[in-house]
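Here is the structure we will look at, set down as structure tokens.
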Amino acid sequence: MTRQKKVILDVLRSVNTHPTAEWIYQEAKREIPGLSLGTVYRNLNLLRENGEIKELSYGSDQSHFDGRPKNHYHFCCTECGQVFDVPLPVLKTIERKAKAVSNFQITGHRLEFYGLCEECRQKEDKADEEDEEDSA
Ligand code: ZN
Ligand code: MN
């Protein structure tokens with residue numbers, strides 16, 4: 001493993017925030033000053049292909065990366081775009097059930113939750129309170 005790849009993987013495994021490539025680049029650059037964003041993307045691709053990390057893409061948003069390659073579930077805040085782990089046990093029977101109602105050879109599944117994260121919910125509550133004060 002190259003030093004670049006190791007630093008990138010270490011950065012990613014040291015956080016549970018599911019960062020973007022840009023964020024990983026900014027952090028890894030502290031260790032490797034000459035690092036380029038292209039190198040970060042290339043190494044992230046290699047790590048993903050080797051099953052060492054996961055890429056989480058949500059439509060048009062930038063991809064987020066996860067240093068935990070084993071299947072687990074995520075919550076995506078529709079306001080700030082942050083991605084969080086949801087500590088639910090993986091639904092083992094769902095793939096068997098999907099197979100039973102189709103002819104597909106199922107190799108995995110992905111489940112996401114959407115809504116407001118704690119921080120954004122609090123901001124929204126506060127904004128509501130302020131609206132009420134204004135109209136009072
Ligand atoms: Zn949020
Ligand atoms: Mn995760």
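Yes/no matrix, rows are residues, columns are (1) in contact with a Leu (Cβ under 8 Å, 6 or more places away or on another chain); (2) modelled with pLDDT under 95:
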{"residue": "Lys6", "(1), (2)": "no, no"}
{"residue": "Leu9", "(1), (2)": "yes, no"}
{"residue": "Thr17", "(1), (2)": "no, yes"}
{"residue": "Tyr25", "(1), (2)": "yes, no"}
{"residue": "Gly59", "(1), (2)": "no, yes"}
{"residue": "Asn103", "(1), (2)": "no, yes"}
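The lone criterion from (1) within 16 Å of ligand 1 (Cβ to nearest atom); (2) in the same structural domain as Val7 (by TED's automatic domain parsing); (3) surrounded by fewer than 14 Cβ atoms within 10 Å (Cβ to Cβ) left unmet by Val86 is number (2). The set of residues from the stretch 36-66 being touching a Ser or Thr at 6+ places or on another chain (Cβ under 8 Å) and either outside the structural domain of Asn16 (by TED's automatic domain parsing) or within 15 Å of ligand 2 (Cβ to nearest atom) (or both) comprises Glu55, Leu56, Ser57, Ser63, His64, Phe65. Before we move on, is Asp131 out of contact with any helix residue (DSSP H, G or I) (no Cβ under 7 Å at 6 or more places or on another chain), free of Cβ contacts under 8 Å to residues at least 24 places away in the same chain and among the acidic types (Asp, Glu)? Criteria met by Asp131. Checking each residue in the stretch 1-24 for being farther than 22 Å from Cys76 by Cα and either within 17 Å of the chain's Cα centre (by Cα) or within 16 Å of ligand 2 (Cβ to nearest atom) (or both) picks out Ile8, Leu9, Asp10. Could you say whether any residue in the stretch 10-22 is over 23 Å from Pro87 (Cα atoms) and open to solvent by 50 Å² or more (accessible area, probe 1.4 Å)? The answer is yes, given that some residue of the stretch 10-22 is over 23 Å from Pro87 (Cα atoms) and open to solvent by 50 Å² or more (accessible area, probe 1.4 Å). Annotation for the stretch 113-134: at least one member residue is open to solvent by 50 Å² or more (accessible area, probe 1.4 Å) and within 16 Å of ligand 2 (Cβ to nearest atom). Annotation: of all residues in the stretch 89-105 being exposed (fewer than 11 other Cβ atoms within 10 Å of the Cβ) and not charged (D, E, K, R), the one that is nearest to the chain's Cα centre (by Cα) is Pro89.
Look at Glu79 and say whether it is open to solvent by 60 Å² or more (accessible area, probe 1.4 Å) and either assigned by TED's automatic domain parsing to the domain that holds Cys120 or in a helix (DSSP H, G or I) (or both). Talk me through it step by step, then tell me what you get.
Values: open to solvent by 60 Å² or more (accessible area, probe 1.4 Å): yes; either assigned by TED's automatic domain parsing to the domain that holds Cys120 or in a helix (DSSP H, G or I) (or both): yes.
Taking the combined requirement at face value, the residue satisfies it.
Working only within the stretch 34-67, note down all residues that are part of a loop (DSSP other than H, G, I, E, B), out of contact with any helix residue (DSSP H, G or I) (no Cβ under 8 Å at 6 or more places or on another chain) and open to solvent by 80 Å² or more (accessible area, probe 1.4 Å). Result: Asn50, Ser60, Asp61.
The values are calculated or read from the model by the stated rules, or taken from the named source; none is laboratory data. Nothing here was measured: the structure is a model prediction, and the numbers come from that model. A quick note on method: Cβ atoms are made from the backbone with ideal geometry, for glycine too, and the neighbour counts reach across all protein chains shown. To get the accessible areas, we keep the full protein, side chains included, count just its heavy atoms, and leave off ligands, DNA and RNA. Shrake-Rupley method; radii C 1.70, N 1.55, O 1.52, S 1.80 Å.
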